[in-house]
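A short worksheet on the structure shown next.
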Amino acid sequence: MKSNVKAKLETAYVDRATRKIYNPETGDMTEVIDESQKLNASTVWSGEPNPKYKWTKYEWLFLPLSWFIFFAAIFWMVALKEVTYLYVFAVLLLLIGIYCIFFRNHHKKKKRMKYSYEITETDITIVYTRGRNIKVRQLPLENLKYISYHLRKNNVGTLYFNFPNDYKDVFTLIFANSGLGKFDEQIYAFFEISDADDLIEQLKAKFKDTVLFEKI
């Protein structure tokens, strides 16, 4: 059965002579894709984020931050009274707070459905599709040193690659799955995948002592 990643690569807007993918946002062939490697490498595992689960472990810290922004904006709007540059800034903060509290999860769910994950014999692959634009990020397995993970009771979980617990950037983890900007592109992670425990055991058996596994 063909994986979702391979299917998306085959239907992408690809220049098959240069092995590059056209990016309509920039209007050029900026993202070089070794298509033959991706389509021919044996798939060890493939999957997608589970849309039922919106919150990762550290993202819960984003909720009080959202409410703080919301009430801080209201406070400054009341305190300033007159329309000034600070008042306009407070209005912008209010709009950000409203988005984070009431609309962010819906946007994040739609965005999450555009991700596909795959592990081949050579790489960890993350594919993001948006219309005819496709973005592929790969981490060679030979460069993999750490795998941090968080599991739910039903074994749905998130895996972070080369992002170990002993020097994790909590700020990045809070915003990485927030649906805001490109924070999720700063790290290699499989967010909220089903049967994550089986994948972890499979990776432990594959890498043995060459990769450090940490539960966070």
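Here are a few things to note about the model shown:
- Which numbered condition Arg130 fails, given (1) among the basic types (Lys, Arg); (2) touching a residue at least 40 places away in the same chain (Cβ under 8 Å); (3) open to solvent by 40 Å² or more (accessible area, probe 1.4 Å): (2)
- Counted residues, region 101-127 - those being without any contact (Cβ under 8 Å) to a residue 60 or more places away in the chain and touching a Ser or Thr at 6+ places or on another chain (Cβ under 8 Å): 2
- Inside region 199-216, residues that are open to solvent by 90 Å² or more (accessible area, probe 1.4 Å) and modelled with pLDDT of 90 or more make up a count of 3.
- Members of region 181-196 that are open to solvent by less than 40 Å² (accessible area, probe 1.4 Å) and either of a type in the set (Asp, Glu) or at pLDDT below 70 (or both): Asp184, Glu192
- Number of residues in region 143-174 that are at pLDDT below 85, touching a strand residue (DSSP E or B) at 6+ places or on another chain (Cβ under 9 Å) and surrounded by 13 or more Cβ atoms within 10 Å (Cβ to Cβ): the value is 5.
- In a residue-by-residue description of region 104-122, the property of being among the charged types (D, E, K, R), in contact with a Pro (Cβ under 6 Å, 6 or more places away or on another chain), surrounded by 15 or more Cβ atoms within 10 Å (Cβ to Cβ) and not in a helix (DSSP H, G or I) applies to no position.
- Qualifying residue in region 80-87 (condition: on the phi < 0 side of the Ramachandran plot, touching a residue at least 24 places away in the same chain (Cβ under 8 Å) and surrounded by 13 or more Cβ atoms within 10 Å (Cβ to Cβ)): no
The values are calculated or read from the model by the stated rules, or taken from the named source; none is laboratory data. Being a predicted model, the structure only gives us computed values, none of them experimental. Every residue, glycine as well, gets a Cβ built from its backbone with ideal geometry; the counts of neighbours run over all protein chains shown. With ligands, DNA and RNA removed, areas are computed over all heavy atoms of the protein, side chains included. Shrake-Rupley method; radii C 1.70, N 1.55, O 1.52, S 1.80 Å.
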